[in-house]
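Structure first, then comments.
The values are calculated or read from the model by the stated rules, or taken from the named source; none is laboratory data. Since the model is a prediction, treat every value here as computed from it, not as a measurement. With ideal geometry, Cβ positions are generated from the backbone for all residues, glycine too; neighbour counts draw on all protein chains shown.
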Amino acid sequence: MNEKIINWLLEGPAWLKFAVEKQRLEISPDPEIAVNDNAIMKLRQRLNDNYLGLPALKTGRISAETTGNAYWDLFF
């Protein structure tokens, strides 16, 4: 991959920087930084939500036929 592109990606959010360092540069970055990134924390909260997250998917309260829930978060 072009060095300019890698440098551009490394300027992005913490979760993207983690992925680039781990997968492209073969560095072992601290995953805490990526896990605590605001976007990732929002996604984690959404997936843990009892009404729209994995618990609702597990109990059958939501299905693949309704958008805006954990199924679609994981699908995309």
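Take the residues in the stretch 54-76 that are in a loop (DSSP other than H, G, I, E, B) and among the small types (Gly, Ala, Ser); name whichever of them is surrounded by the fewest Cβ atoms within 10 Å (Cβ to Cβ).
If we filter the stretch 54-76 for residues that are in a loop (DSSP other than H, G, I, E, B), which is where we start, we get 60-69, 76.
From what is left, the residues that are among the small types (Gly, Ala, Ser) are 60, 63-64, 68.
Working: Gly60: 7, Ser63: 10, Ala64: 10, Gly68: 10.
Checked the stretch 54-76; the qualifying residue surrounded by the fewest Cβ atoms within 10 Å (Cβ to Cβ) is Gly60.
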Total residues in the stretch 52-72, condition closer than 20 Å to Lys42 by Cα and either in contact (Cβ under 8 Å) with a residue 40 or more places away in the chain or among the β-branched types (Val, Ile, Thr) (or both)
2
Positions within the stretch 26-53 being among the hydrophobic types (A, V, I, L, M, F, W, C), part of a loop (DSSP other than H, G, I, E, B) and exposed (fewer than 13 other Cβ atoms within 10 Å of the Cβ), in sequence order:
Ile27
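Before we move on, is Gly60 out of contact with any helix residue (DSSP H, G or I) (no Cβ under 9 Å at 6 or more places or on another chain), of a type outside the set (Lys, Arg) and modelled with pLDDT under 90?
Numbers: out of contact with any helix residue (DSSP H, G or I) (no Cβ under 9 Å at 6 or more places or on another chain): yes; of a type outside the set (Lys, Arg): yes; modelled with pLDDT under 90: yes.
Yes; evaluated as a whole, the condition is true for this residue.
Looking at Trp8, is it surrounded by 14 or more Cβ atoms within 10 Å (Cβ to Cβ), at pLDDT 90 or above and not in a loop (DSSP other than H, G, I, E, B)?
Numbers: surrounded by 14 or more Cβ atoms within 10 Å (Cβ to Cβ): no; at pLDDT 90 or above: yes; not in a loop (DSSP other than H, G, I, E, B): yes.
Considered against the rule, which asks whether it is surrounded by 14 or more Cβ atoms within 10 Å (Cβ to Cβ), at pLDDT 90 or above and not in a loop (DSSP other than H, G, I, E, B), Trp8 comes out as no.
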